[in-house]
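Here's the structure we're looking at; comments come further down.
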Amino acid sequence: MHLFFDYILFFPSFFFSGRESYISKGNILMGLLELSTNENEYLSWLKKHPSALETFDEIIVKAKGDKIVVFLDYDGTLSNIVPNPDEAFMSKKMKTVVGEVARCFPTAIISGRSRDKVYEFVKLDDIYYAGSHGLDIAAPFQCIKVGDSNSHNKCVDKNGDEVVLFQPAQKYLPSIYKNCINDIYINV
Ligand SMILES: O=P(O)(O)OC[C@H]1O[C@H](O[C@H]2O[C@H](CO)[C@@H](O)[C@H](O)[C@H]2O)[C@H](O)[C@@H](O)[C@@H]1O
């Protein structure tokens, strides 16, 4: 009897500890497989999208005769990722560099943040700002007085051409408008 209980108690503990170690080895194996799949995917992605810094000379050669336009992300690119989103400030050095880039190429900052918030951080005027993932776009502009001193301001670019300050995904406006109208009818 004693032996029997020992056996019963021993067997399950052996079985489960064996199974647990099998599961954990399995998990590690799965982890390694996932890692190598992700790594392979990342490497093939990297081939198609090489680092601009590492292939700078190649880019310049390929872009000969073309117009270079620079698109930048804000969070995690121009600023570090920090715990408080209101404190994702851009360093002075980064601001200087972005300013220099903008003097050489048309430069845009595209962000998931609101356009105002990104401008508050960057405060450079020669830049295109696309906030709310591109739904709200502002071009570099300056406001000048038109007509007599009482008349309204007009916003123009460096060439004096009037600037459209907001382009809220214009091609989607008809369907946005249609859906809004439907909502209004449904809610009435
Ligand atoms: O398109 P981005 O300019 O990269 O903006 C993406 C989101 O950035 C912000 O969140 C991220 O950065 C924060 C500050 O470093 C960090 O605290 C947060 O964990 C990150 O997700 C911003 O708050 C979001 O609104 C943007 O969509």
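Only the coordinates and a few stated rules stand behind these numbers; no lab work does. What you see is a predicted model; the values in this text were computed from it and never measured. No Cβ is skipped: glycine too gets one built from the backbone with ideal geometry, and neighbour counts run over all protein chains shown.
Points to keep in mind about this one:
- Peptide ranges 110-123, 51-64 listed from the most packed, as the mean C-beta count within 10 angstrom indicates: 110-123, 51-64
- Karplus-derived 3J(HN,Hα) values for the range 38-49, using 6.51 cos²θ - 1.76 cosθ + 1.60 with θ = phi - 60°, are 4, 5, 5, 4, 4, 5, 6, 5, 5, 4, 7, 10 Hz; glycine and proline are entered as x.
- Distant-in-sequence amide H partners of Leu72 (H built 1.01 Å from N, under 5 Å): Ala108, Ile109, Ile110
- Approximate spin-label separation Asp73-Ile59, in nm, with each point projected 7 Å along Cα-to-Cβ: 1.5
- With a Förster radius of 41 Å applied to the beta-carbon distance between Ser91 and Thr37, the computed FRET efficiency rounds to 0.65.
- Among the listed pairs Lys47/Lys67; Lys67/Lys93; Lys67/Lys95; Lys92/Lys117, none has a Cα-Cα separation exceeding 29 Å.
- Here the gap between Asp161 and Trp45, fully extended at 0.36 nm per residue and compared with their Cα-Cα distance, gives a gain of 37.7 nm.
- Karplus-based coupling profile of the range 54-69, in residue order and whole Hz: 6, 10, 4, 4, 4, 4, 4, 4, 5, 8, 4, x, 9, 8, 8, 10, with θ = phi - 60° in 6.51 cos²θ - 1.76 cosθ + 1.60 and x standing for Gly or Pro.
- Sorting the segments 44-50, 78-84 by their mean number of nearby beta carbons within 10 angstrom, highest to lowest, gives 78-84, 44-50.
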